[in-house]
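Report on the structure given below.
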Amino acid sequence: MKTLITVTLSMFCLLHVSLSQPWTEMTTGVTTPLTSVSNYDNLNAWMCGDNGVVLRSTNNGYNLSNVSGNGLPSNISLVNIYGISVSTALTAGFVGSITYVYRTSNSGANWNLVFTQPNGFINGIWFNGPLNGFMTGDPVGGRWSLWKTTNGGTNWDSTGMFLAQQNGELGWNNSLYRNGNETWFGTDKARIYHSSTGSAPWEIQSTGANTNIYTIWVKNNAPFIGYAGGDSLSKTTNNGSVWIIQPIGGTGSITGFAYFIYMNFLWHIRSDNKIYATSGSSSWYVQYTAPAGNFTHLTIIRPEFMYTVGNLFAVRNNGGVSRYYYFAEGISIVSSEIPENYLLGQNYPNPFNPVTNIGFRIIDFGLVRLTIYDALGNSIASLVNQQLQPGSYEAAWDASAYPSGVYYYKMEVGSFTETKKMILLK
C-alpha cells in the first residue's frame with residue numbers, strides 16, 4: 001500500500017530530554033518526496049523516494065550522495081530501502097501495477113533488477129547478515145507476498161512462506177521489523193502478523209482501535225517489548241499477546257518510530273512536520289519542527305545497534321532530510337572537525353568544587369573510555385564508555401559525593417592511553 005514519506009537530519013548534540021534543538025537540516029539536492037530511510041550501522045544510511053531517487057551517506061551524515069540512475073528507472077516510485085552494508089542495498093518500488101526490487105553491491109554505481117511481480121507491492125525488506133533476507137509485500141492472488149533469499153538478495157524464493165489474505169487486508173511500506181528470525185509486519189486491518197521463524201506458522205496479534213500499522217519496533221530479547229505506530233501508538237510488554245494504546249501528543253498517522261534503549265529514549269514522527277520525543281518516563285514533547293514538508297519515515301534502530309551511539313535520519317515529502325546524533329547524557333561535542341591527534345585535556349576548573357569539565361579529542365571512530373580514579377588507584381566513576389565518531393568532546397564530572405583530595409582521570413581509545421591529575425577542593 002502506497003504512502004508518502006519525508007526525512008530530516010540532525011547534528012551532534014547532547015542527548016537529554018530538555019534539549020531544545022538537537023536536529024539539523026541536511027542538503028539533499030532533491031525536492032521529490034522521500035519515502036524510506038535505512039541505517040546500516042547507525043552511522044551510514046540509505047534513503048529513497050519518488051522518481052527513482054536514492055541518497056546515501058557514508059560520513060556520519062555530513063554529506064549525502066545522489067546515487068540514482070545507473071540502472072534505476074527515473075519513473076519508478078521507490079517506497080522502501082534496506083542497507084545491507086556501506087556498499088550494498090536493496091530498494092523496492094512500483095511503476096503502474098508492477099513492483100520491482102533493485103540491488104546494488106557497489107555503492108550505487110550500478111543497480112540490478114532482482115525481483116518483479118505484476119499486481120504486487122513490496123512493503124519491506126530485512127536482512128540478517130549479508131546473505132539471508134526476508135521480504136514482505138501486499139497479497140497477490142489471495143496470499144501475502146512473502147519471500148526469502150540466501151544469497152544477498154540476488155534470488156528470491158517463496159517456498160514455505162504461504163500466508164492467506166484475510167478480508168481484503170493490505171500492508172504498509174516500512175511496516176516490517178525483525179530480531180533474528182522473529183518477524184513482525186503490520187496491516188490495515190488492526191492486526192500484526194508475527195512469526196518466530198520468518199515463515200509459517202504465522203500468529204495474528206490484534207491492535208484493536210489502532211487500525212493501520214505503519215511502523216513497528218521490538219526489543220531484541222524476550223519478553224518482547226514493542227511499539228506499533230499507526231493511527232495511534234500501541235505498546236506490548238508480553239510478546240504481542242496484548243497491544244495497548246499509549247497516550248501521546250500530536251495528530252496524524254505515526255509513520256516512524258525509534259528507540260535508543262541504552263538511554264531509554266524514544267522518538268516518533270507523525271504525518272506532519274514535527275518530531276516527537278520522550279525519555280520513556282515522562283510525557284511526549286515536540287523536539288523538532290521542520291521548516292517545510294511533512295515527515296514520512298524515521299530511522300529504525302536495528303537490534304544489533306540498540307546499545308551503540310549513532311545517527312537518526314528522518315525524511316520528508318519535499319526531499320528534506322533531518323539528522324540527529326545521539327550519545328550518552330553528560331557528553332557534549334565541541335567540534336565535528338577531525339583532529340590531527342588524540343588529546344586528553346587538563347580538566348577545568350582545577351582545583352574544582354564540585355563539578356569539573358574534561359575535554360578530549362579522537363581521530364578515529366572507536367570505543368572511548370574515560371575513567372575516574374581515586375588517589376589509591378581505585379576506579380570510582382566511568383564518564384565515557386562508548387563508541388564515538390572523530391571530533392572534539394567534553395565530559396562533565398560531578399564529584400558532590402566524594403571528599404576533597406587528589407583524583408586521576410584516564411582516557412583509553414585504541415592504542416592511545418593518557419592519565420592526568422586533578423584536585424577536588426571543598
Task: Filtered residues of segment 33-49 (kept if out of contact with any helix residue (DSSP H, G or I) (no Cβ under 8 Å at 6 or more places or on another chain), surrounded by fewer than 22 Cβ atoms within 10 Å (Cβ to Cβ) and either closer than 23 Å to SER271 by Cβ or in contact (Cβ under 8 Å) with a residue 60 or more places away in the chain (or both)) - done: LEU43
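For every residue, the table says whether it meets (1) modelled with pLDDT of 50 or more; (2) under 30 Å from ASN128 (Cα atoms).
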{"position": "MET1", "(1), (2)": "no, yes"}
{"position": "LEU19", "(1), (2)": "no, no"}
{"position": "PRO22", "(1), (2)": "yes, no"}
{"position": "SER36", "(1), (2)": "yes, yes"}
{"position": "ASP41", "(1), (2)": "yes, yes"}
{"position": "MET47", "(1), (2)": "yes, yes"}
{"position": "LEU55", "(1), (2)": "yes, yes"}
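With the structure loaded, tell me whether VAL30 is modelled with pLDDT of 95 or more, closer than 20 Å to GLY293 by Cβ and buried (at least 23 other Cβ atoms within 10 Å of the Cβ) or whether it fails that test. Lay out the reasoning, then the answer.
Details: modelled with pLDDT of 95 or more: yes; closer than 20 Å to GLY293 by Cβ: yes; buried (at least 23 other Cβ atoms within 10 Å of the Cβ): no.
It is false that VAL30 is modelled with pLDDT of 95 or more, closer than 20 Å to GLY293 by Cβ and buried (at least 23 other Cβ atoms within 10 Å of the Cβ).
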Task: Residue count, segment 235-276 (criterion: in contact with a Leu (Cβ under 7 Å, 6 or more places away or on another chain) and of a type in the set (Gly, Ala, Ser)) - done: 2
- [ ] Could you check how many residues of segment 271-304 are among the aliphatic types (A, V, I, L, M) and either surrounded by fewer than 18 Cβ atoms within 10 Å (Cβ to Cβ) or out of contact with any strand residue (DSSP E or B) (no Cβ under 8 Å at 6 or more places or on another chain) (or both)?
- [x] 2
Task: Identity of the residue in segment 260-270, of a type outside the set (Val, Ile, Thr) and either buried (at least 18 other Cβ atoms within 10 Å of the Cβ) or closer than 23 Å to THR35 by Cβ (or both), that ends up modelled with the lowest pLDDT - done: MET263
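Which of the residues that make up segment 289-314 are at pLDDT 90 or above, in a strand (DSSP E or B) and touching a Phe, Trp or Tyr at 6+ places or on another chain (Cβ under 7 Å)?
Listed by number, the residues that qualify are LEU298, ALA314.
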Task: Conditions (1) outside any loop (DSSP other than H, G, I, E, B); (2) aliphatic (A, V, I, L, M); (3) at pLDDT below 95: number failed by ALA200 - done: (1)
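The rows are residues; the columns are (1) touching a residue at least 24 places away in the same chain (Cβ under 8 Å); (2) within 30 Å of LEU55 (Cα to Cα).
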position	(1), (2)
SER335	yes, yes
TYR348	no, no
GLY359	yes, no
ASP364	yes, yes
LEU370	yes, no
SER382	no, no
GLU394	yes, no
GLY405	yes, no
Task: Verdict on ALA200 being in the same structural domain as GLY142 (by TED's automatic domain parsing), touching a residue at least 12 places away in the same chain (Cβ under 8 Å), loosely packed, with under 14 Cβ neighbours inside 10 Å and not polar (S, T, N, Q) - done: yes
- [ ] Go through the residues of segment 126-139 one by one and say whether even a single one is touching a residue at least 24 places away in the same chain (Cβ under 8 Å), over 19 Å from LEU170 (Cα atoms) and in a loop (DSSP other than H, G, I, E, B).
- [x] yes
Open item on the list: For the condition over 26 Å from ARG316 (Cβ atoms) and assigned by TED's automatic domain parsing to the domain that holds THR197, what is the one hit in ASN155, ASN70, ASN80?
Closed with: ASN155
Open item on the list: Suppose we filter segment 332-380 for residues that are outside any strand (DSSP E or B) and either of a type outside the set (Asp, Glu) or closer than 22 Å to TYR62 by Cα (or both); how many remain?
Closed with: 22
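Which residue out of GLY160, GLY153, GLY108 is touching a residue at least 60 places away in the same chain (Cβ under 8 Å), assigned to a loop (DSSP other than H, G, I, E, B) and on the phi > 0 side of the Ramachandran plot? Quick ask: steps written out before the conclusion?
On the way: GLY160 fails: touching a residue at least 60 places away in the same chain (Cβ under 8 Å); GLY108 fails: touching a residue at least 60 places away in the same chain (Cβ under 8 Å).
Of GLY160, GLY153, GLY108, the one residue that is touching a residue at least 60 places away in the same chain (Cβ under 8 Å), assigned to a loop (DSSP other than H, G, I, E, B) and on the phi > 0 side of the Ramachandran plot is GLY153.
The values are calculated or read from the model by the stated rules, or taken from the named source; none is laboratory data. Quantities reported herein were computed from a predicted structural model and do not represent experimental measurements. When we count neighbours, we look across all protein chains shown, and the Cβ atoms used for this are built from the backbone with ideal geometry, even at glycine.
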